[in-house]
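Any read-out appearing in this document is the output of simple, stated calculations on the displayed coordinates, not a laboratory observation. Since we're looking at a predicted model, the values are computed, not measured. Backbone-built Cβ (ideal geometry, glycine too); neighbour counts: all protein chains shown.
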Amino acid sequence: MIKILITGDFCPINRVEGVVLGGEFSGLLKDFLPVIQNSDLAITNLECPLTDNQEVISKTGPALRASTQVGKLLSQAGFNLVTLANNHIMDFGHDGLVSTFKVLEGNYISYVGAGNTLQDAKRPFQTKLNGKSIAIINIAENEFSTTHGDYPGANPLSIISNYHAIIDAKSNNDSVIVIYHGGNEGYNLPSPRLKETLRFFVEAGASAVVAHHSHRYSGYEIYNDSPIFYGLGNFLFDYKDNTGIEWQHGIALLIEIESDNTYFEIVPISQCDSESIGVRIMNDTEKQSVLDKIRELNLIIADDYELGKKFQSFIKIKEKQYQHFLEPHSIKLLHGLMGRGYLPTMLSKEKRKLYLNLFRCESHRDVILRILEDENRHS
């Protein structure tokens, strides 16, 4: 039997980074440490580069990085592999990525999901455990971090390319696990598109598919005898703007491969609350609450109609935010006045129809994305 541990987002910043720089790591992992060390392969998602570089790339949203000393924490804890295909790994550019590679290699930790070129980033991690060959494929939805050519970045979601990567990995290995970074932040269910995509990866040959990024744990389903987990939540991510229960609670996943069968165990965890730093396994009462919630989410995931209704409700919550994104300016005062109803939108109906067609049509979208990506890379 092979035990593979997969955890969610690991971003060792703020108080966690302070502990790392102090040189005493053991207290950060508490009773979760044996779970890592008793696994044949322990994987976490490194949600930021490990670098001293201060130069942020041209992007929107927060730029995250952590000390190069974090490599020692990962190594001493017993992590063998980190996934790098996520939306923050390129926040500090190629220098930040190269620094991360050097730190991981210097601490004998393997990595997957990012590279100096698209071909490098697409390469799966392959290993042999207890006589079985395992491949790990790591994919990220397309944001500022992904690469699509002869430049550095994360392995992008590209359905046809991902399909062939899974097919190829399956032809050379006994099991293929796809680890996917995507979904809607703050939402604890997959969109209908995400459900369809991750199921397709199973159809291509994945033995298991595991997602993170939303910072919320989600439910799972068994599809064609393969588990699909739609969100693990955070593993160790001390972010000052997110201190609520949903940010603090997550799940770790133990995948067990025996013969041709894949089993799993869910390990509910709590991390970085207002009183303590680090990650711990939940007590029985907390654990039961999480497992009950997961069962509720599973029922929704299993019902396409209910899943669509939930996603439509989420869209309604986000509608104003996204309407502001589409406005042709970034002036906070004007956005504030519009949000309070004092100013009308600056987008005409004709412009909205144009946006709809440009975003919806694949050929138009190809041109727009290439223009915007080229301009951003050279800005």
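Miscellaneous remarks
- Only the Cβ atoms of Lys and Arg (+1) and of Asp and Glu (-1) were treated as charged; on that basis the dipole of the chain about its Cα centre amounts to roughly 1000 debye.
- Prolate/oblate/rounded label for region 1-56 (Cα gyration tensor, a/c 1.5): oblate
- Share of alpha-carbon pairs per 10 Å distance bin for region 1-152, given as whole %: 11, 42, 34, 12, 1
- Shape category assigned to region 264-339 from the gyration tensor of Cα positions, a/c cut at 1.5: oblate
- Within the chain, the ratio Rg/Rh, alpha carbon atoms throughout and Rh by Kirkwood, equals 0.96.
- Per-residue extension of 0.36 nm, minus the Cα-Cα distance of residue 375 and residue 52, leaves a gain of 113.6 nm for this segment.
- Radius 14 Å from Cβ of residue 55, net charge of other residues (Lys, Arg +1; Asp, Glu -1): -1
- Approximate spin-label separation residue 123-residue 332, in nm, with each point projected 7 Å along Cα-to-Cβ: 4.4 nm
- From its DSSP helices (H runs of at least four residues, each -39,500 (n - 2.57)), the chain gives a residue-normalised ellipticity at 222 nm of -12000 deg cm²/dmol.
- Short-range pairs are left out: with C-alpha atoms under 8 Å and at least six residues apart, the relative contact order of the chain is 15 percent.
- In terms of overall dimensions, the C-alpha atoms belonging to region 319-377 reach 37, 27, 17 Å along their principal axes, ordered largest to smallest.
- Computed over the chain with a Gaussian network model linking Cα atoms closer than 10 Å, the most mobile of 266, 228, 160 is 160.
- The listed peptides 271-277, 338-344, ordered by packing as a protection proxy, come out as 271-277, 338-344 (highest mean of other Cβ atoms within 10 Å first).
- Spatially proximal lysines relative to residue 128 (Cα-Cα < 19 Å; intrachain offsets below 8 disregarded): 3, 170
- Overall shape: prolate for region 229-275, with the ratio a/c of the largest to smallest alpha carbon gyration tensor axis at 1.5 or above and a/b above b/c.
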